[in-house]
Structures are given as structure tokens and as C-alpha cells.
1. State, as an integer percentage, the relative contact order of region B:523-576 based on alpha-carbon contacts under 8 Å between residues 6 or more apart.
2. Within region B:329-383, list the trypsin sites (Lys or Arg not before Pro) lying in a DSSP loop whose Cβ has at most 11 other Cβ atoms in a 10 Å radius.
3. In terms of modelled amide H atoms, which long-range or inter-chain residues lie less than 5 Å from the amide H of A:ILE131?
4. Assuming 0.36 nm per residue, please report the length gained on full extension of the stretch B:GLN458 to B:GLN281 beyond their Cα-Cα distance.
5. Tell me which trypsin sites (Lys or Arg not before Pro) from region A:1-71 have a DSSP coil assignment and no more than 16 other beta carbons within 10 Å of their own.
6. Using 0.36 nm per residue of separation minus the Cα-Cα distance, give me the extension gain between B:LYS260 and B:ASN528 in nm, one decimal.
7. What fraction of the DSSP beta bridges in chain A is antiparallel, stated in percent and rounded to the nearest 5?
8. What order, most packed first, do the peptides B:451-462, B:480-491 have when packing is the mean number of other Cβ atoms within 10 Å of each residue?
Amino acid sequence: MTMPSIMRVLLAGVGGQGTILAADLLAKTAIASGLEVKLSEIHGMSQRGGSVTTVVNMGESVHSMVISEGEADYLLAFETTEALRNIHFLKPGGKIYVNDIQISPLPVLTGKALMPSNPQMRLEQYGAHLIPAQDLALQAGSAKSANVVLLGALSTGLPFADDVWEEQIRLKVPPKTIDANLEAFRLGRSCVQP
Amino acid sequence: MELLSGNEAIAQGAWEAGCGIGVGYPGTPSTETLEAFAKKEAVYAEWCPNEKVALEVGVGASAAGSRVLATMKHVGVNVAADPLFTAAYTGVNGGLVLLAADDPGMHSSQNEQDSRYYALAAHVPVFDPSDSQEAHDFTKAAYALSEEFDTPFMIRSTVRISHAKTPVNTGEKENYQPKVYEKDPTKWVMMPAYAKLRRVELDKRDAALSSWVEECPFNIIEQRETSKGFICSGAVYQYVRDAFPEASVLKLGVTWPLPKQKLESFANMVEDVYCIDEASQYLSSQILALGIELSQTPHPLPAAGELSSRALRLAFDDTEATTEPEAKLPARPPALCAGCPHRLVFKELARAKCIITGDIGCYTLGALPPLAAMDTTVCMGASISMAHGFELSYGESEHAPVVAVIGDSTFAHSGITSLLNTVYNQGVGTVCILDNRTTGMTGHQGNPVNGKTLQGRQTRELNLEELVKALGVEDVATVNPNDMKATRQAIKQALEAKDRLSVIVFRSPCVLLRDSFVAQAPYYVNGNCTACGSCISLGCPAIEKNPADGTASIEASMCVGCGQCSQYCAFEAITQSEGGR
């Protein structure tokens, strides 16, 4: 795979899902592959169970640390509603990888709003890869590794070598969970590229 | 090369410059700066009760000869404005650098103010870094400059600088020897006779800074094609480079004072010169005031909120197409956590039909439905003073009870003086102090109430009840806010005594505090549920209303076993699971 001059990845999820750790792993893999990287996240009030987004922009020379509407090359969503909420940030032909779960926000839990019906169908219209990340994480041996499963899926669209990814995972995750996380990464990968 | 956030880079730059003392009050997006600084080798760092105190500690340490870093968010500079304006008169001994972290877009703030107006008004030079490398380099350079020009320096960051991680080449630590303090009342005692002399010095310094800024290497003209030229600073520079890679740019690393000659030569170099401002008109208004003509973008830039490269492109060509946002998605607002000890206080205050003046913290989320239990939020400490104002305005007339709600850290920050005022002026009403044993929203920092310090030094916990009594409040109660009956009873009692001032301390640890909150076995909804909706009205993210029949269910993985909901169930339909967690 050739290295494009700039690659913009938008990670979207719900506060507490581990988007920041995934973004960090992605950024370190890009740096280890010789790219310049900017990573932008938001802390504070939005973290209390609200929608969160993190941006990783990578390339030979990177300016903006954020992504405008229509600019993202990749959308990595940790939840289906958040995938739809951020779909307009994707550029035409951009790739989408989505954790196939629905997490109800408070207005839905209290009966004041409805979840989108069949978001999977809508996402498939956009060409999204739906990833059963929760199940694959359990299969890999660590329920908390769903974010690494998703990274594995994303990695199929990125020009980084497997051993660079794996090295960064080894460096980042707690020692006891290295094997489970490496397996999670492989399962996410083979989910998109069997 | 390291990937550092702007905040981490500022801490690193300060440390490399030999800064040995860090002070501040937590506030998004500034918080991680002091936390990162506190972990450096051989430094002292402390959280202060508020930003005014922090900056005063900083001015003192600078006077004594140390290099000092003071950190705060933009609204914190309002609190610290008093010492800031006069520290610009006294000047420094050891270098003094103030981080003011602005929040365009208001991701976690109550307003969108631009701290550079403070730099302008106080005559304090300000650096405006555009990435972490500059945040590091500017901070490091600011210390020697602060000493050379005898003035505090400000680093003005924004959320996209503070919270973006970009590559940084770090440097070596300077071996700074603290300066000697020599008594000099004409410099340090700002009574009129001496302040008048310092004012003359300040004007001389402004002139010297105006010459320096013309040569300062942090203001850079990047000459590319010359039909369009952009003047910009900070994160906006990055958006300009993305949107118009071929255009010439004057990147301002110093945004007060401005380099008049450099601006003029840039304006003469290009056909159309644009100044790009984000969420304020600071830069363009100052450049216009220098007599430099600016071109208007064909379509106006948004006045409020954050810019982006797309916003810039649209200002020149509004035909750019994009995918439409998906319609009809449920909003996902932040919410009080499952088991949050603030929840029942809001529930019971709403039930008692109170006017609730609120304050700044996680508990501001009590304003959102379904609790919807907050009438006002303005600034740190305002809950108590505004409640007094409500009572004064209502006077003897029949009115809903007025209750102030304030967190522990916010109370220590600036609630104490407000409460003192109500006591002193014989005010009435009820103040609820929500003591969750931490500064929650900013990431669980220590504060005087929980008795934890930034670098883990032993200290004492503030005794809130004794403090409140010492201020002169006679009616003081302590209540566990997870106990519905006790909470209801305490509020009822306080509200009945209409001619008195009462304080209720609701004390229970934040559920995110790993060292003091212990989760219990989760609850579940049994077959007795009548779909009455009572538990749903608590707005707990672990409780869901079944859309088909209106009955409730509890997500066991989210439930922390606080048992708040079971106390609201009149049908014994909410039961705790057997065993522990």
C-alpha cells in the first residue's frame, strides 16, 4: 500500500469507551512508520457519558489537528449512533469501521427520544464495515480489548506493517493483557480481511 | 522527538527553563499542565483554592527569586485579574509565566472569552503558540524574557493547542540559580506614590517591548504566492495552512504587543491581507487600530465557536459540497454518572419546588432533564451570592424557597466569601454543599476539603461544618445524599425555617474515586414493576424505560449498587442482587 500525503482518522464514541487509548496506539504506530502526527482530543464535561471524538491526522507534513466536515479518510466508530452522528465528516469514498453495538443515551433511556431503527442498514449504505468488536474481544480473552479489535479492523485500510502495530500494542497495554490484545488486533483484522 | 499535548509541552518548557514552582487551580483545558509539571524532577507544585491565590503565591515566589509557572483556564484569569494587573506594575524578580487556556467552542466552559484582552489591558506580553513545539519553545523562552523586561509573561493557549498532541523536540534543563531578593518598596509596595513611579517604568517597558517584538523570531512571515496573505496565530494558523497552502502567512507568536512594522511590511507584500480571528475580534481590532487595512473575506467567518480549515474555505467559496448530517439522531448529552451522590439532592430540591441557584462542576449537569433542577449557573461561587440576591429581591413577598447548590472544591474556591456575605448581611435561605470528596469535573484533583495535595504531601482536611459554623451559620446539618428520607427530611427542615440561613453538607464520595468509593452488588427490577416511571425520573444512565410497556430495567454492568432508585420505588420492584460485585 502506498503512503498517501495525508490521512485523517476520526474516532467517535461514547465517553469512557477507550477512544483515547486507541487514538494513542494509532498515533504511535504512525510515528514509528515515519510519519508526522497530530492527535486531538477533548476532556472535561463531554466525558461524562456524552459523545466524544478524537482525531488522528498523519502524513509527511500535518497542519490541522482537527477534521472538518467532508475531510475524514477514515471513521472509526465505537457505537452505531455515533457513527451516524459523524458520518458527514467523512469524505466521499472514505472508509468506515463500526463497532456493532448500540448504547442508549439518557434521553432514550428516559423515553424522551428514540434510537435510530436499524442503523446497521443505514451504515451499510455508506459502505461501513460492521465489526462485532465486543464478541471478538471476549473471544480474544479480554472484554476490555474491543478498542484494539476496532484498531485491527482499521489497520486493513492503513499502510502500516503488522509488526509495527504489534510492537506498539506490546508497549502500550498492561503486560498481562499483551497476548489478549494481540489476538484482539488479529481478530479485528481478519474480520475485515478474512 | 516526543508526542506531547500543548499542556505537557508547556510544563516541559517551564521545567527546562529552571522553573521550580508551579501553582494553579484546575480548569479545562489547562489542568494537565500543572499535573505534568508536578511530576518533573526537583520541582514544587501545588493546587491553590483559586486562581487569585495561585497567582499571588506565584508573584511572591517570583519576588523571592524563583522562576514560577501559574496555570488556569480563561475564566480563572478573571479571578486572578486583580494580582495580574498590579504584577504588571511590580514586575518580577524570578521569571513569572501565566498560562491562560481559552476554550473557543465552549467544550467545557461557561463563556468564550479571549485572554489576550487581559494581556492588552494589563500590559503583559503574550505568546500564542500554534502547536506543542511552539508551546514548549515559547514557554522556555518566556522566563529569561520575563526577567529581562521585568514583567510577567502570558502563554495564551486554546483547547486545540492544550489538548492536541503534536511532535516536540525537547531540550536540556537550564541550571537556573534563584535570584536574590533585595528589599525595594518602590518596586514591590504598590501604594500610590510608588505605583506612579512604576507606571512610568511600565510605559518605558511597553516601548522596549514594542521594539523587541519587531525582531522576535516567534513572529514569522512565510512568503508564498502574494495574491492572498493571512495574519493569524495559534491553532488558526494550522487551519489557514490547510485551507490555503499556497497563500502567504504572517504567523504571530506574540499577540501583544503587535509588531507594527512587520505587519505593515506583510500588508505591503500581498495584494489582499486578511486577519483570521477565532471566537473574538481581538487580533483584527488591534491590527485595524494600528492603521493597517484589512480585506474582508467574501463570505463572513463565524463570529462564535471554533474555526476549521473548512470554515476558512467557505469564507472564500461557499459552494463546497459535503454529506448532509444524519437527521433525527437522539442527542447524547453528558449525564451524572450511575450512583452519583448529587442525584437525589437535585431530585428532592426539584420535588420541593425550589429556586435553585447552581454553580460550576459536574453537578451543573443537574440542570439537564429529567432532573432539570437548576435555575442559574454563572461563575465559581455565584450560587450562594445569587441566592442571597434572589432573597433580597423577593423580600417579604411570598416566594418559592431559594436554595444554593455548590460543590466542595467550588465552595473552597470562592463560596466561602459569598457565604460570609450572606451571614454578615443577615441573609436567609439554604445552601447545599455537595461534598463528593474531590474536584470531579476536571479529573479528580485534590483540594482543601478532601485534604489531598498535588504532589501527595500530607495535609489536613478542611472541616466544612466547623468552618461554616465559624462563619456564623447556626443551622448546619450533615447528610448522606444516598439516603432519600434523610435528604428529604433535611431539605424540608431547612426550608421550613424561612427566616434563617441554613447549610446542609451532603457528603458522599464521587463514584469515580477508586480509593474511597466501593461499588455494591447491582440492583435489578423484579416483576412488581408497574411502569410508574418514578425511578426513570432520576435520570440514572443505568436505568432504562422499556419503550413497549414503560416498565424499567437496570443494566447490571453499569449499576454501582447505590440503591438510590430502590428508595423511590413504591412497589418494592427494585431489589439488590445477592452477593457482592
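Quick note: the coordinates plus some simple rules give every number you see, no bench work behind them. Quick caveat, the model's predicted, so the values are computed rather than measured. Using ideal geometry, Cβ is built from the backbone for each residue, glycine included, and neighbour counts are taken over all protein chains shown.
1. 47
2. When the trypsin sites (Lys or Arg not before Pro) of region B:329-383 are filtered for loop state and at most 11 Cβ neighbours within 10 Å, B:LYS353 remain.
3. Under 5 Å from the amide H of A:ILE131: A:VAL98, A:ASN99, A:ASP100.
4. Going from the current span to full extension adds 59.1 nm.
5. none
6. So the chain would gain 88.9 nm between B:LYS260 and B:ASN528.
7. Roughly 55 percent of the beta bridges in chain A run antiparallel, per DSSP.
8. For the peptides B:451-462, B:480-491, the packing ranking is B:480-491, B:451-462.
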